[in-house]
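The values are calculated or read from the model by the stated rules, or taken from the named source; none is laboratory data. None of the values given here were measured: they were computed from a predicted structure. Using ideal geometry, Cβ is built from the backbone for each residue, glycine included, and neighbour counts are taken over all protein chains shown. Just so you know, the surface numbers come from the protein's heavy atoms only, side chains and all, with ligands and any DNA or RNA stripped out. Shrake-Rupley method; radii C 1.70, N 1.55, O 1.52, S 1.80 Å.
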Amino acid sequence: MKSFVYHVPTKVYFGEGQLCHLGEELKQCGKKVLLSYGGGSIKKSGLYDLLLEEMKKANLEVFELAGIEPNPRIESVREGARLCKQHDIDVVLAVGGGSTIDAAKFIAAGACTDDDPWDFFVAGAPIDKALPLITVLTLSATGSEMDSCGVISNMETNDKLARYSDHVFPKVSFLDPTLTYTVNEYQTACGSADILSHIFEVYFNMNKDLYMLDTVMEGLMRTVIKYAPIALREPENYEARANLMWASSWAINGFINGGKQQAWSCHPMEHVLSAYYDITHGLGLAILTPRWMKYCLDETRVSKFYQFGVNVFGIDASLEPLEVAERAIEELSTFFFRTLGLKSRLSEVGIDDTHFEQMSQKACKGGVLAGFKPLGKEDIKKIFERCL
């Protein structure tokens, strides 16, 4: 069991009606705001008008960057940074899901440097400071509203890369579950798969750590498994949306990590999948995860799958560990592909093995992906092939 440091400086307003504090929080950061958002759903829902009203009350000057894409592109980051410099922006306001927030993180950082923002990802350009970032979350999935990481895509080079920096932690995040009522079934399902995957990346680890943290992770998993189907059936069920929203933040804000250290596995594989095919992140994770689990299952790691099966899915603890492990993976597959209704194979979304060689090489960066089970290029390629 290793020592660790836990630090999350984000102030969270959780619950319905908290946007009345938006103006006062923005005003503490300055007078000029860059409002960034995605494809316009915030206008259809009425959220856009509400935000403008709150900012008008605070006498703030608002500039806009609309159209941030799912799997956000480096071009949007560059444009946002340019606007910040042109208009001497004081604070970035990101309204949307993880894609909008991830882009806003590096817009905020890009505004404070002459470096090309893509150099943050490929050249190790330093992030020494960033404009303050405030977020309004509209989709429970990535947890970007409460962490120091963002993922940006460059479709010209087929790269989807992550970067961490304490400077891009959101200063304040508004988490109102009612703002997720209009999220459709597909995005709710994909978001739920993403939340679970964030937990799996830490939970499936043979390093001994705090028992308490394993129980927290198991509780978070059970929460998603319980409430995601309810949110699909009853999109305006506040309890379901609130539980998913808070679970998404705590799945990836570093709390569950404790002293465990290892590379993530499914996310690097999914990132190259998205970089080549622009697939929805949560869907890619759902397709990959059960196959990755089956590939990792062996005598050395069966105990973790046994723990997962017994404590998360309630499988009979008296059964042989291997049987429990196999049943647990099947239970997860059933949850993803039947309960949530997600596609179960890459071929169902038009993906073949054309790029598997290059994708496998990129996922492990030509070496070994040192996760729960170390995976080289050929291992990753076999997992992709099992997903067809």
If you scan region 138-160, which residues turn out to be in a loop (DSSP other than H, G, I, E, B), among the β-branched types (Val, Ile, Thr) and closer than 22 Å to Tyr186 by Cα?
Thr138, Thr142
Hits in region 1-42 - residues which are more than 22 Å from the chain's Cα centre (by Cα) and either at pLDDT below 95 or assigned to a loop (DSSP other than H, G, I, E, B) (or both)
Met1, Lys2, Ser3, Phe4, Glu16, Gly17, Gln28, Cys29, Gly30, Lys31
Restricting region 161-181 to residues that are touching a Lys or Arg at 6+ places or on another chain (Cβ under 8 Å) and part of a helix (DSSP H, G or I), which is nearest to Ala94 (Cα to Cα)?
Val168
Among (1) surrounded by fewer than 22 Cβ atoms within 10 Å (Cβ to Cβ); (2) in contact with a Gly (Cβ under 9 Å, 6 or more places away or on another chain) - the single one Tyr238 does not satisfy:
(2)
May I ask you to list the residues in region 227-253 that are hydrophobic (A, V, I, L, M, F, W, C) and assigned to a helix (DSSP H, G or I)?
Ala228, Ile230, Ala231, Leu232, Ala240, Ala242, Leu244, Met245, Trp246, Ala247, Trp250
Residues that are crowded, with 23+ Cβ neighbours inside 10 Å and assigned to a loop (DSSP other than H, G, I, E, B), drawn from region 254-279:
Ser265
Just for region 1-46: of the residues that are among the polar types (S, T, N, Q) and open to solvent by 60 Å² or more (accessible area, probe 1.4 Å), which one is farthest from Pro132 (Cα to Cα)?
Ser3
Within region 72-90, track down each residue that is open to solvent by less than 10 Å² (accessible area, probe 1.4 Å) and either more than 12 Å from Leu34 (Cβ to Cβ) or within 23 Å of the chain's Cα centre (by Cα) (or both).
Pro72, Ile74, Val77, Gly80, Ala81
For region 203-214: of the residues being in a helix (DSSP H, G or I) and open to solvent by less than 50 Å² (accessible area, probe 1.4 Å), which is nearest to Ser265 (Cα to Cα)?
Tyr203
Pick out the one residue from Leu319, Leu342 that is under 24 Å from the mean Cα position of the chain (by Cα) and open to solvent by less than 70 Å² (accessible area, probe 1.4 Å).
Leu342
Within region 160-187, tally of residues that are touching a strand residue (DSSP E or B) at 6+ places or on another chain (Cβ under 7 Å) and closer than 30 Å to Met359 by Cα:
6
Can you confirm whether region 288-311 contains a residue that is crowded, with 24+ Cβ neighbours inside 10 Å and among the hydroxyl-bearing types (Ser, Thr, Tyr)?
yes
Checklist (1) under 26 Å from Val91 (Cβ atoms); (2) not in a strand (DSSP E or B) applied to Val224, failing item
(1)
Return the pairs, sorted by first residue and then second, in which the second residue is of a type in the set (Val, Ile, Thr), the first residue lies in region 1-16 and is closer than 17 Å to Trp250 by Cβ, the beta carbons are less than 6 Å apart, and the residues are 6+ apart or on different chains.
Lys11/Val172
Within region 312-388, considering only helices (runs of 4 or more DSSP H) that don't extend past its boundaries, which have at least 3 residues that are touching a residue at least 12 places away in the same chain (Cβ under 8 Å) and touching a His at 6+ places or on another chain (Cβ under 8 Å)?
none
Have a look at Lys56, Lys105 and point out the one that is open to solvent by 10 Å² or more (accessible area, probe 1.4 Å) and not in a loop (DSSP other than H, G, I, E, B).
Lys56
Starting from region 189-202, take each residue that is more than 19 Å from Gln262 (Cα to Cα) and part of a helix (DSSP H, G or I) and list its partners that are open to solvent by less than 10 Å² (accessible area, probe 1.4 Å) and β-branched (Val, Ile, Thr), counting only C-beta distances under 7 angstrom and pairs at least six apart or across chains.
Ser192/Val224
Selection status of Ile68, surrounded by 20 or more Cβ atoms within 10 Å (Cβ to Cβ) and not in a helix (DSSP H, G or I)
yes
